[in-house]
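My questions will all concern the structure given below.
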Amino acid sequence: MATRCYIFTSKDNADRVKGIYCHHDGYVDGVGKTLKEHYDSDTLAYWLIELGNISALRETINETKEKAYEEEALECSLTKFLEKESKEYYIEYVYLRKNGKWFVAKLDFKNKQYTPFKEITKAYLASL
């Protein structure tokens, strides 16, 4: 079974984001840890999003590209995505690159709720 997630980037604290769907291992100790340890720069985040939707996130762009779908990144309102689209696709986690940092929110699509975004830090990952 897949743990679906979306990985977004945002510029200038705007609600407009650009992001990709990732089908597998969306948990914080999966995708979240890989983002923090291997994609912790705006440049790497940009190139990851440019791949389009992916099956799984790997440690490098080239490894991840091998499992990329041929679908373009989604550009949308983050607020609208959290309130509507995420529930339609059963997304469990949303990752956001903003102001040079990675953040994560857990979605509960059954109850139509989500947790506030929390910064992914080494201490946060160690607490999992």
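Using a 1.4 angstrom probe, figure out how much accessible area the chain has per residue, in square angstrom, rounded to the nearest whole.
On the way: 7580 Å² over 128 residues.
Computed with neighbouring chains in place, this is 59 Å² per residue.
Follow-up question, since we're still on this one. Explain nothing, just compute: Karplus ³J(HN,Hα) = 6.51 cos²θ - 1.76 cosθ + 1.60, θ = phi - 60°, for every residue of the stretch 37-47 in order, whole Hz, x for Gly and Pro.
Once rounded to whole Hz, the list reads 7, 10, 10, 8, 8, 5, 5, 5, 4, 4, 5.
How many percent of the accessible area of the chain is carbon or sulfur, using a 1.4 Å probe? Display every interim value, and only then the final one.
Numbers: 3510 of 7580 Å².
Carbon plus sulfur share of accessible area: 46 percent.
Under a GNM of the chain (C-alpha, springs under 10 Å), which listed residue has the highest mean-square fluctuation: Lys65, Lys80, Lys18?
Between Lys65, Lys80, Lys18, it is Lys80 that shows the largest mean-square fluctuation.
Over the chain, calculate the relative contact order: mean separation of alpha carbon pairs under 8 Å at least 6 apart, over the residue count, as a percent.
It comes to 29 percent, rounded to a whole number.
Tell me, what HN-Hα J-couplings in whole Hz come from the Karplus equation 6.51 cos²θ - 1.76 cosθ + 1.60 at θ = phi - 60° for each residue of the stretch 11-28, using x for Gly and Pro?
Per residue, the Karplus-derived 3J(HN,Hα) values read 10, 6, 6, 6, 6, 6, 10, 10, x, 10, 8, 10, 7, 10, 6, x, 4, 4 Hz.
Which cross-chain or sequence-distant (5 or more) residues have an amide H under 5 Å from the amide H of Tyr69, H modelled 1.01 Å from N in plane?
Asn53, Ile54, Ser55
Mind telling me which of Leu44, Leu107, Leu96 comes out most flexible in a GNM of the chain, alpha-carbon contacts under 10 Å?
Looking only at Leu44, Leu107, Leu96, the biggest GNM fluctuation is shown by Leu44.
Could you tell me which label, among [x] 42, 30, 25; [y] 47, 22, 19; [z] 37, 35, 35, carries the value of Cα extents along the principal axes in Å calculated for this structure?
For Cα extents along the principal axes in Å, the calculated option is [z].
Using the Karplus curve 6.51 cos²θ - 1.76 cosθ + 1.60 with θ = phi - 60°, what ³J(HN,Hα) values do you get for each residue of the stretch 73-80, in whole Hz, with x for Gly and Pro?
Along the stretch 73-80, the couplings run 5, 8, 10, 6, 7, 4, 4, 5 Hz.
The values are calculated or read from the model by the stated rules, or taken from the named source; none is laboratory data. Note that the coordinates shown come from a computational prediction; the quantities given were computed from them, not determined experimentally. With ligands, DNA and RNA removed, areas are computed over all heavy atoms of the protein, side chains included. Shrake-Rupley method; radii C 1.70, N 1.55, O 1.52, S 1.80 Å.
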